[in-house]
Amino acid sequence: MRTELDALYTPAVRSFLPLLYVAWADGMLSPSEVNLIHRKIDELSNLSGIEKEQLKQWSDPKEWPDENTFRQWLDLIKEAAAKMAPSDLESLAELGDLMARRGHTAGDPEGRSDARQAIQFLQQEMGLAGVDKFRSIHTPVEAKTTEAEATLPVLTALQGLHDGPKKEIRDRVKAVLADPVFHILPLRTKEDKRAKVSEWLTYLAEQGLGAIGFPEVYGGENDMVAYATVFETLACHDLSLAIKFGVHFGLFGGSIFNLGTKEHHDKYLVSVGDLSLPGCFAMTETGHGSNVRDIETTATYDADLGQIVVHSPSFRAGKEYIGNAMDSRMASVFAQLIVQGENHGVHAVLVPIRDQEDNLLDGVRVEDNGYKMGLNGVDNGRIWFDQVKVPRENLLNRFGNITLLGRYESTIPNPSKRFFTMLGTLVAGRISVAKAGLSAAKVSLAIAVKYALHRRQFGPTSKSPETLILDYPTHQRRLLPRVAKVYAAHFTLENLMQRYESRTEEDAREIETLAAGIKAYSTWLSTSTIQECREACGGKGYLWVNRFTDLKADSDIFATFEGDNTVLLQLVAKGLLGAFKDEFHDAGFLGVFRYLRSQATDSLLTINPVYKRKTDADHLLDNRFHSHAFNFRERKLLHALADRMRTMLKKRITPYDVFLRTQTHMVALAIAFVERVILENFQEAVEKIEDEALKELMQQVLQLFALATIEENKGWYLEQSYVDGVKTKAIRRQVDRLCGRLRDQAELL
């Protein structure tokens with residue numbers, strides 16, 4: 001065993017162990033640190049090629065040293081450190097030098113001086129701790145309460161509540177983003193911004209973050225929740241980076257993983273994960289937008305050639321707004337699959353679009369979408385195909401396959417069900433977009449609240465100190481209800497992502513419906529919150545350096561991509577009308593109406609007259625009142641919609657026309673449903689909190705979310721006689737009081 005260790009830990013390698021151990025113990029190595037270490041290693045002439053490769057591997061974030069390796073390092077380091085005088089315990093270079101000499105059996109190794117200088121340089125540049133840390137890291141110390149923790153005892157608990165079980169990956173991404181290579185600068189052209197975002201994406205791939213959702217055998221961690229956490233954390237830094245990251249690893253890579261089979265996984269996923277095969281996700285078309293079922297691009301199987309011919313039959317069939325279109329070498333193309341003259345509906349086919357020198361391949365036409373309102377770091381483009389031939393094996397065939405005999409077969413014979421099943425596997429992207437949009441709102445609120453705690457304006461007299469603007473009730477009203485809403489949406493999205501990860505065939509449709517609704521809610525909330533925060537910062541909010549310029553421009557499109565929000569809410573309403581039953585999607589509108597006819601009168605809709613005028617604080621702040629109000633709104637809208645549809649059907653109006661005439665009603669129902677789900681998720685999250693101080697704080701945030709939402713819909717509640725005017729006035733006063741109570745916790749939140 002000793003001989004094996006000596007062969008691995010040569011004297012030159014030993015000299016670097018203290019540096020590497022402290023670097024990893026301090027956290028993730030950032031891209032700049034990795035490059036710096038590798039450059040210094042390459043400069044040392046006393047290192048052999050094998051030694052250089054070993055040290056580079058140990059400093060590569062994709063090749064984390066395992067626990068056994070760390071233990072070996074520590075044993076070797078402690079053995080050497082025990083021989084050193086206390087005065088030498090600040091120098092990693094001296095300790096490394098001592099280890100090199102002890103590991104050498106025939107005099108001093110050559111090149112020690114160069115290695116010592118290199119390690120001294122690296123320790124200084126990376127700001128690493130000294131050798132004394134080897135003892136303190138592994139020696140229990142008495143816990144001390146910092147001044148910040150003493151002032152805000154709930155801070156640590158709140159951070160843990162927000163970060164959830166993926167705190168480690170959040171911290172890992174934050175550490176990477178803190179590296180100087182990710183510093184944001186004002187870039188004048190889209191080409192400059194795209195180049196910078198592409199450079200950042202390469203660093204993320206090198207850190208192993210892109211492949212994190214893939215199975216371990218393909219370089220990942222088999223953790224889609226971690227992937228979504230990476231995505232939303234990147235969105236706090238730069239939304240162009242988050243979107244390009246999501247397009248390549250989430251959509252392109254996700255389509256291969258979710259729609260392909262093992263042959264596709266083995267052939268492509270490693271290359272997708274390390275970014276050696278950049279790709280895009282070509283679904284949306286100019287002429288069809290959200291209507292994926294009726295896209296025009298065809299993928300026709302030629303049995304004589306054993307190939308699939310991908311073709312854009314018209315200008316309108318061009319793939320539109322495709323992220324990564326200008327950098328990709330392959331596209332996951334969604335097209336109508338035609339086999340033996342029969343159209344089997346939309347399937348995905350992998351189509352190479354550029355060669356290794358990034359030249360467009362024959363039959364492929366790509367145009368840059370040009371400058372956009374925002375996200376100019378993302379290279380959106382349009383793609384057309386002119387009789388492009390690809391092998392039969394390029395069909396992503398998890399749900400539909402072309403056999404060697406040239407026949408189409410599928411385990412899901414119903415085309416409609418097959419279509420929705422296929423799209424349902426991609427719902428993680430919709431959840432991730434909602435989380436990223438919410439990140440933009442979080443950043444905006446953090447900026448606006450902190451500004452409001454420093455900016456002063458006016459005072460009681462000309463000689464009095466000016467008042468902090470967050471002390472004005474109007475300013476509290478602008479920001480704090482939005483803080484509450486963002487927390488509510490955050491907990492709902494965390495829960496939804498967990499449900500998606502552990503989904504079954506039975507609840508897949510429900511999760512898809514929830515994802516559609518919460519994506520719409522979160523991205524609209526983000527858009528309005530960023531605008532309010534910009535205004536709340538006055539002229540300072542208009543300066544580029546304070547970030548609202550990019551936050552506003554980059555997040556606005558979130559209401560459109562991954563599904564237009566209004567269209568998504570109609571999808572939600574259809575799901576509600578069908579009670580999440582497959583019959584709705586299989587049998588169309590008539591299936592919905594059969595379900596509606598079976599519904600009995602809802603006792604929830606019967607309101608006691610005394611209840612309408614009840615205004616005491618205990619009642620208004622009670623979770624039961626909030627739940628009843630949110631449930632009442634959803635159920636009332638559902639029953640009213642069902643009645644309208646039944647009446648129209650009796651008049652022999654076609655189901656499709658009934659749908660058109662009730663669209664606005666359907667959207668109102670969907671919003672009520674989403675807000676009820678968000679309330680329930682927030683209530684469950686607060687109920688699980690064990691820290692009493694934190695629970696008391698979050699209960700107030702929950703109350704503010706609930707009452708502010710009821711207040712926003714007070715017109716509807718008054719129309720339905722659910723409340724009287726005296727109660728809406730009392731609700732308004734309670735919202736004011738909650739904002740006042742939470743003012744002192746605003747920065748903490």
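Cα gyration tensor of the range 425-470, axes a ≥ b ≥ c as square roots of the eigenvalues: rounded (a/c below 1.5), prolate (a/b > b/c) or oblate? Verdict is prolate for the range 425-470.
Ligands, DNA and RNA excluded, the heavy atoms of ASP302 present near 50 Å² of accessible surface to a 1.4 Å solvent probe. Using a/c under 1.5 as the rounded threshold, could you call the range 479-541 rounded, prolate or oblate? The axes a ≥ b ≥ c are square roots of the C-alpha gyration tensor eigenvalues, and prolate needs a/b larger than b/c, oblate otherwise. It comes out prolate by the Cα gyration axes.
At an R0 of 25 angstrom, the distance between the Cβ atoms of GLN57 and ARG188 translates into a FRET efficiency of 0.05.
Distance between the modelled labels on HIS628 and ASP266, one decimal in nanometres: 6.3 nm (7 Å Cα→Cβ projection). Projecting label points 7 angstrom from Cα along Cα→Cβ for THR560 and ASN414 puts them 3.5 nm apart. Taking other residues whose beta carbon is less than 12 angstrom from the beta carbon of LEU375, and scoring Lys, Arg as +1 and Asp, Glu as -1, yields +1. Remark on GLU285: its backbone amide H falls under 5 Å from those of GLU320, a criterion applied only to residues 5 or more positions apart or on other chains, H modelled at 1.01 Å from N. Calculated FRET efficiency, VAL181 and LEU8, Cβ-Cβ r, R0 30 Å, to nearest 0.05? Using R0 = 30 Å, I get an efficiency of 0.40.
The stretch between TYR611 and GLU711, if pulled fully straight at 0.36 nm per residue, gains 34.3 nm over its current Cα-Cα span. For the range 250-334, the solvent-accessible area with a 1.4 angstrom probe is 36 square angstrom per residue.
Convex hull volume of the Cα atoms of the range 465-512, normalised per residue: 69 Å³. Given the pairs LYS56/LYS167; LYS167/LYS450; LYS167/LYS190; LYS450/LYS519; LYS574/LYS695, which are separated by over 31 angstrom at their Cα positions? Distance filter (> 31 Å) returns LYS167/LYS190; LYS574/LYS695. The structure shown yields Cα extents along the principal axes in Å, and of the options (i) 126, 60, 52; (ii) 101, 87, 49; (iii) 104, 62, 49 that calculated value carries the label (ii).
Subtracting the Cα-Cα distance of SER721 and ASN546 from their residue separation scaled by 0.36 nm leaves 58.4 nm. Structure note, pairs LYS636/LYS729; LYS442/LYS688; LYS442/LYS614; LYS463/LYS552: Cα-Cα distances above 28 angstrom occur for LYS442/LYS614; LYS463/LYS552. When averaged across all projection directions, what area in nm² does the alpha-carbon convex hull of the range 352-410 cover? Convex hull of Cα atoms, orientation-averaged projection: 6.4 nm². You can think of it this way: the chain between GLN663 and GLN120 has 188.6 nm of extra reach, that is 0.36 nm per residue less the Cα-Cα gap. Provide the FRET efficiency to the nearest 0.05 for the ASP355-SER314 pair, computing r from the beta carbons and using R0 = 30 Å. It comes to 0.65. How would the range 193-326 be classified by its alpha-carbon gyration tensor: rounded, prolate or oblate, with rounded meaning a/c under 1.5 and the a/b versus b/c comparison settling the rest? It is oblate, given that a/c is not under 1.5 and a/b is not larger than b/c. For the range 637-749, dividing the convex hull volume of the Cα atoms by the residue count gives 122 Å³ per residue. Overall shape of the range 245-296 was characterised from the C-alpha gyration tensor. The equivalent ellipsoid obtained from it has semi-axes of 24, 13, 8 Å, in decreasing order. Dividing the mean sequence gap of close Cα pairs (under 8 Å, 6+ apart) by how many residues the range 249-291 holds gives a relative contact order of 39 percent. For LYS417, the solvent-accessible surface computed with a 1.4 Å probe is close to 70 Å², ligands and nucleic acids excluded. Per q in 0.16, 0.23, 0.32 Å⁻¹, report the Debye log10 I(q)/I(0) for the range 680-729, using one uniform scatterer on each alpha carbon and no solvent. Normalising to I(0) and taking log10 leaves -0.56, -0.79, -1.12. Surface composition of the range 390-505: carbon plus sulfur atoms hold 56% of the accessible area, using a 1.4 angstrom probe and ignoring ligands, DNA and RNA. With distances taken between every two different alpha-carbon atoms, the range 281-326 has a Kirkwood hydrodynamic radius of 11.5 Å.
Taking a Cβ cut-off of under 14 Å around ASP294, the surrounding Lys, Arg, Asp and Glu residues balance to a net charge of 0, with basic ones at +1 and acidic ones at -1.
The values are calculated or read from the model by the stated rules, or taken from the named source; none is laboratory data. Since this is a predicted model, take the numbers as computed values, not measurements. Methodologically, a virtual Cβ is constructed for each residue, glycine included, from the backbone with ideal geometry; neighbour enumeration extends over all protein chains shown. SASA here: full protein model, heavy atoms, side chains in, ligands and nucleic acids out. Shrake-Rupley method; radii C 1.70, N 1.55, O 1.52, S 1.80 Å.
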